[in-house]
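Each remark here refers to the structure printed beneath this line.
Laboratory data are not the source of any read-out in this text; all were calculated from the coordinates shown. Predicted, not measured: the structure shown is a model, and the values here were computed from it. Note that each Cβ is placed from the backbone with ideal geometry, even for glycine, and that neighbours are counted across all protein chains shown.
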Amino acid sequence: MRKSYYILMAILTWFILSSRSCGPEEEKKAGREKADLEQSRERIRTEFGADILSEQSLRAFEINAKQKIVDYGDYLGIAFNKNLDTALRAEAERMISNMFTSEDIALNRHLGLITNNKILKNKGVTGLHNASGFQSISFQIEDVCIAALLRPAGESCYTGKLNFSCTTSTSTKQDTVNLGKEKLSALFYARKLPKAFGNDTLLMWSVFLGEIR
């Protein structure tokens, strides 16, 4: 929430600075607002660009990872639903891709109930569903817990592990079949990567999912 607040304040201040005239009072106010903008940027750098994450930040990123794996199931359900608009499904596929550290992340363990493909990867999910005879496939992810806390794993990287369950159901025009409930695990990472903020590029920490087993 604090991060969103600072970013919002920075954006609002930028628009204010861009729209004001150049009278003496306006110049003074613009100077103060510019200083406030710089302070907001500095707070972002300090809180989210630190080289080493605090224990409080690590716990917050673990909560973020738990939400990401739930969102992953929701986005899969959208991408695998032929009843939905193709643009919406394509956006869900893009969101899924952005959640992972790489397009080459193996997903075959997770999607084993609907495919025998032993080398299925993140980038192959769309083709898998388009080739299936199902109208839709849903993935209900529950019981998410942290199995391994985030720990350093090299420069600007921490890694942890989630345990969760996933109930998979398939639907055709005639029937819906519950394929069962799997107990799964997923690696997750906190990594420091460049992000654009207006004309600035800052190194910021973000959470990504890894291999699902």
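With unit charges on the beta carbon (Lys/Arg positive, Asp/Glu negative), name the residue among L58, N83, G73 whose Cα is farthest towards the positive pole of the charge dipole of the stretch 51-98.
Farthest along the dipole direction, towards plus: N83.
Grab the beta carbon distance between S54 and K181, set R0 = 35 Å, and tell me the FRET efficiency rounded to 0.05.
Rounded to the nearest 0.05, the efficiency is 0.45.
For the pair L193/N83, report the inter-label distance in nm, with labels modelled 7 Å from Cα in the Cβ direction.
Rounded to a tenth, the inter-label distance reads 3.4 nm.
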